Amino acid sequence: MLKLSGETLSGKGETGLDIAAIQYIAGEIREIHSMGCEVAIVIGGGNFIRGEKLSKIGIDRATADSMGMLGTIINALALQSVLESMNMFTRVMSTITAIQVSEPFIRRRAIRHLEKARIVICAGGTGNPYFSTDTAAALRASEIDAEIILKATNVEGVYEEDPKKNGNAKLLKNIDPADMVKRGLKVMDLTAVTLAMENNLPMIVFNVFKKGNLARIIRGEKIGSEIK
Ligand code: UDP
């Protein structure tokens, strides 16, 4: 289960969509797919809308979150199109009903797609406001019995402090999920961390913007921070 934030499709720190960024991510995915990996993706939407932020400027939180979830569908379609232009077969499965452009998420069907080497792109988050797509990744990963969650970020992993604020912050290569929650280390949504912990799902937080990192993880190299 690969968790891609919306930012991975817009380029570091940007908003909207950037075709070069999407092509880069699609290339990284193609590499692991060609290694025989079954790949499911949960896509974020933060490059368009973050519900919490929008709720502070006059749109009620539940509506703002729905808008955020719709953003993930736009991202899913963009990624689908680029993956297919690179000859991969994909299915977009959305929690929010968007029947003209996606299938509804049906667990057994998702597993079947994966068995047939199709890349499953899960859109719509959990379908509920007040949640994040990180939590959707932990949820879907548990449902489809994924081996691991790979959380793609633009930093090397989980740090003791925010590395953007303190350049000397220490990278934690191995971290216990309970410890992560206790210390409030927020590179990943804590609801997602606890859900994955309860289902014994390991997670790796890694820098996807370093070319080849995704494939290195699949080959068993120690990259980023492992949460388990
Ligand atoms: N969202 C939501 N419920 C979910 C998943 C997402 O309400 O289950 C909304 C929420 O407003 C969030 C936005 O969609 O801010 C975008 O998702 P997220 O912030 O997880 O995207 P990412 O940071 O991964 O790009």
task: Scan the stretch 114-128 residue by residue and report those that are closer than 15 Å to E84 by Cα and open to solvent by less than 10 Å² (accessible area, probe 1.4 Å).
output: I119, V120, I121
- line: From the option list N174, N207, single residue qualifying as within 16 Å of the ligand (Cβ to nearest atom) and in contact with a strand residue (DSSP E or B) (Cβ under 9 Å, 6 or more places away or on another chain) is N207
task: Restrict the check to the stretch 157-169 and report whether at least one residue is over 19 Å from N213 (Cβ atoms) and in contact with a helix residue (DSSP H, G or I) (Cβ under 9 Å, 6 or more places away or on another chain).
output: yes
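Which one of G44, G11 is near the ligand (Cβ under 8 Å from one of its atoms) and under 27 Å from R216 (Cα atoms)?
On the way: G11 fails: near the ligand (Cβ under 8 Å from one of its atoms).
After applying the criteria, what remains is G44.
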field: All positions within the stretch 49-69 that are within 15 Å of the chain's Cα centre (by Cα) and among the small types (G, A, S)
entry: G68
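Looking only at the stretch 52-65, count every residue that is more than 7 Å from the ligand (Cβ to nearest atom) and assigned to a helix (DSSP H, G or I) and tell me the total.
Let us first name the residues in the stretch 52-65 that are more than 7 Å from the ligand (Cβ to nearest atom), namely 53-63.
Restricting the remaining residues to those that are assigned to a helix (DSSP H, G or I) gives 53-55, 61-63.
Here the count works out to 6.
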statement: Residue set R109, R140; condition more than 16 Å from the ligand (Cβ to nearest atom) and touching a residue at least 12 places away in the same chain (Cβ under 8 Å); output residue R109
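Rundown of residues vs (1) within 16 Å of the chain's Cα centre (by Cα); (2) within 17 Å of L114 (Cα to Cα), yes/no style:
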{"site": "L2", "(1), (2)": "yes, yes"}
{"site": "L9", "(1), (2)": "yes, no"}
{"site": "T15", "(1), (2)": "no, no"}
{"site": "I29", "(1), (2)": "yes, yes"}
{"site": "I43", "(1), (2)": "yes, yes"}
{"site": "G71", "(1), (2)": "yes, no"}
{"site": "N75", "(1), (2)": "yes, no"}
{"site": "S81", "(1), (2)": "no, no"}
{"site": "M86", "(1), (2)": "no, no"}
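The values are calculated or read from the model by the stated rules, or taken from the named source; none is laboratory data. Just so you know, these numbers come straight off a predicted model, no measurement behind them. Neighbour counts run over all protein chains shown; Cβ positions are idealised from the backbone, glycine included. Accessible surface is based on the protein model in full, side chains and every heavy atom, while ligands, DNA and RNA are left aside. Shrake-Rupley method; radii C 1.70, N 1.55, O 1.52, S 1.80 Å.
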